Amino acid sequence: MKMLISFQNKLVPVYFTTESKQSVQKVLKLLCGTLENKIQYGKRALKKCLDSLISIEIEGSEAILHSKSENDTLALSLY
């Protein structure tokens with residue numbers, strides 16, 4: 001399933017499976033809260049990834065943050 005979220009004034013696609021035990025809205029709310037927290041208080045490597053974020057893939061309780069540079073791609077725990 002694909003959804004779009006607004007992050008840093010741009011639309012970012014979020015891909016996830018419907019096999020998740022959590023509701024889609026709850027996962028998206030948790031993801032958005034985590035991203036906002038990380039952009040404010042995260043380390044430089046994480047901020048670099050978030051600045052060039054192109055898509056997010058949810059796998060279980062982890063969010064894979066894909067950036068323009070493959071080297072900046074990170075995994076982020078949602079829980």
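Lysine pair count for the chain with Cα-Cα distance under 23 Å and sequence separation of 8 or more or different chains is 25.
Hydrodynamic analysis of the chain uses the Kirkwood radius over alpha carbon pairs. Inserted into Stokes-Einstein at 25 °C and 0.890 mPa s, it gives a translational diffusion coefficient of 195 µm²/s. The GluC sites (Glu not before Pro) of segment 47-79 include none that meets both conditions, a loop assignment by DSSP and at most 11 other Cβ atoms within 10 Å of the site Cβ. Across 35, 11, 46, mean-square fluctuation computed from a Gaussian network of the chain (C-alpha pairs under 10 Å connected) peaks at 11.
Calculated from DSSP H runs of 4 or more alone, at -39500 (n - 2.57) each and per residue, what is the 222 nm mean residue ellipticity of the chain, nearest 500?
-10500 deg cm²/dmol
For the chain, take the longest principal axis of its alpha carbons; what is the angle in degrees between that and the long axis of helix 24-41, to the nearest 10 within 0 to 90? Between the helix axis and the principal axis of the chain, the angle is about 20 degrees.
Each label was represented as a point 7 Å from its Cα along the Cα-to-Cβ direction; for residue 71 and residue 55 these points are 2.3 nm apart.
Rule-based calculations on the coordinates, nothing more; no lab input. Model, not experiment: these values are computed from the prediction. Glycine gets a Cβ as well: all are built from the backbone with ideal geometry, and neighbour counts include every protein chain shown.
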